[in-house]
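The structure under discussion appears below in the form of structure tokens.
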Amino acid sequence: MSTLLLGRKDVADLLDMGEVMWVVEQAFRDYAAGCAQMPAKVYIRVPKGDFRAMPAAVPHAVGVKWVNVHLSNHERGLPSIMGVLILSDPDTAYPLAIMDATEITAYRTAATSANASRYLARRESRTLGLIGAGRQAYMHLQSHALVFPLERVRVYDVQPQAAEAFVRYFPQFCVKASSAEEAAMSDIVCTLTPATAPVVKSAWVRPGTHIDAVGADAPGKQELDPALLCSARVVVDDVTQACHAGEINVPLRQGLFQKEQIWATLGEIIAGTKPGRRGDQEITVFDSTGLAIEDVATAWMIYQRARERGGCQSMDMV
Ligand SMILES: NC(=O)c1ccc[n+]([C@@H]2O[C@H](COP(=O)([O-])OP(=O)(O)OC[C@H]3O[C@@H](n4cnc5c(N)ncnc54)[C@H](O)[C@@H]3O)[C@@H](O)[C@H]2O)c1
């Protein structure tokens with residue numbers, strides 16, 4: 001028995017967005033059914049960013065992701081988020097693989113949002129607004145294009161050159177929005193920034209909009225006007241993580257939103273134990289903090305593909 005060593009290119013070659021969407025959807029179903037375990041994320045803060053340890057057990061595999069957010073990394077030509085994941089055999093504890101998790105994070109986050117949009121957005125959604133034009137924006141366009149026949153994508157970034165680069169990359173139907181407000185005038189809006197104050201105001205959002213709030217994944221981060229949360233049907237990926245570090249964490253601490261206002265988890269919606277959207281006029285919000293079950297389920301799929309393909313580097317651990 002040997003441990004597979006899968007670098008970033010190996011992992012990227014084995015990932016397919018449609019497949020990740022399916023795997024992540026199943027992981028949420030398993031978690032809602034009590035067939036997956038996920039202790040809360042552990043955070044370590046350092047002067048230039050933070051680290052997170054994210055363990056989980058899904059059927060067939062146990063693993064832990066070690067990942068960071070360092071916003072100044074772009075100045076050094078490094079991604080702001082990088083990760084590594086150890087995948088173990090639940091029966092023997094043998095480490096099956098050590099793999100890059102930078103790509104896993106990029107794919108599984110966008111796959112989860114597209115699943116949330118699939119369950120919560122209006123079926124006839126045709127326009128997508130992306131606020132923040134970093135790595136996640138590229139992935140969110142990819143995942144949403146698999147679900148919705150998009151006719152127009154509006155992208156906004158505080159750094160105009162980031163939005164311009166995005167539009168050059170996807171020239172067919174993307175336009176640079178002149179403001180977050182313009183991007184928010186879309187059927188589906190994805191907020192993908194590291195903001196610590198609201199970037200989307202309640203008054204800008206039209207009835208019937210679905211929002212994937214993705215950027216807030218640590219205490220103190222926030223992208224939406226709390227009034228917007230209060231007027232929306234709010235679905236979270238995990239109640240404990242969302243209260244601690246998700247989009248609702250700041251409004252909860254400020255007393256502007258109550259835990260009881262959370263309608264459901266995405267797992268409950270996927271499993272059908274709670275209904276999703278009620279009518280075309282409702283605003284729905286998915287609060288994504290990023291779950292370790294998404295990572296470990298995706299890693300298990302990558303491990304299986306790597307074994308099937310063969311030719312990967314490995315090392316012996318016993
Ligand atoms: N929920 C999850 O599972 C999950 C997973 C990965 C990343 N994230 C979070 O999503 C966010 C984006 O991640 P990324 O990898 O795309 O980061 P990134 O650094 O590649 O891109 C972030 C972009 O947001 C822009 N931006 C910053 N403040 C803005 C504002 N107020 N308005 C508009 N644009 C603004 C930046 O200029 C940059 O282009 C981060 O906060 C990250 O921590 C969440």
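What follows draws every value from the coordinates through simple rules; no lab data is involved. Computed from a prediction, not measured in an experiment: that's the story for all the values here. We place every Cβ from the backbone using ideal geometry, glycine too, and count neighbours over all the protein chains shown.
Normalising by residue count, region 116-290 has a Cα convex hull of 98 Å³ per residue. Helix 135-147 and the long axis of the chain differ in direction by around 80°, with both axes built from C-alpha atoms.
Taken about its Cα centre, the chain carries a charge dipole of roughly 440 debye when the Cβ of each Lys and Arg holds +1 and the Cβ of each Asp and Glu holds -1. Computed over the chain with a Gaussian network model linking Cα atoms closer than 10 Å, the most mobile of Leu266, Leu224, Leu78 is Leu78. The spacing between region 1-69 and region 249-318, judged by their C-alpha centroids, is 10 Å. Would you mind telling me which residue in Pro79, Pro207, Pro47 has the biggest mean-square fluctuation in a Gaussian network model of the chain, where springs connect alpha carbons within a distance under 10 angstrom? Between Pro79, Pro207, Pro47, it is Pro47 that shows the largest mean-square fluctuation. Taking a straight Cα-Cα cut-off under 26 Å and skipping sequence neighbours fewer than 8 places away in the same chain, the lysines within cross-link reach of Lys221 are Lys41, Lys48, Lys65, Lys176, Lys201, Lys259.
Provide Cys174, Cys190 in ascending order of the number of other Cβ atoms located within 10 Å of each residue's Cβ, fewest first.
Cys174, Cys190
Spin-label model, Glu124/Val318: points 7 Å from Cα along the beta carbon direction are separated by 6.0 nm.
Loop-resident GluC sites (Glu not before Pro) (DSSP state other than H, G, I, E or B) in region 118-195 with no more than 14 further Cβ atoms inside 10 Å of their Cβ: Glu124, Glu151. Rounded to the nearest 0.05, the FRET efficiency derived from the C-beta distance between Lys201 and Asp13 at R0 = 51 Å is 0.75. Local charge for Lys9 was computed over the other residues whose Cβ lies under 12 Å away, with Lys and Arg +1 and Asp and Glu -1, and equals -3. Simple spin-label estimate for Glu151 and Ala93 gives 5.8 nm between the two label positions (7 Å along the Cα-to-Cβ direction from each Cα). Only Cα pairs under 8 Å and 6+ residues apart enter the sum, and on that basis the relative contact order of the chain stands at 22 percent. Among residues other than Arg233 with Cβ under 11 Å from its Cβ, the summed charge is +2 (Lys and Arg +1, Asp and Glu -1). Applying both filters, DSSP loop and at most 15 other Cβ atoms within 10 Å, to the trypsin sites (Lys or Arg not before Pro) of region 244-314 gives Arg278. Between the DSSP loop rule and a limit of at most 16 other Cβ atoms within 10 Å, which trypsin sites (Lys or Arg not before Pro) in region 86-129 are left? Passing sites in region 86-129 are Arg123, Arg126.
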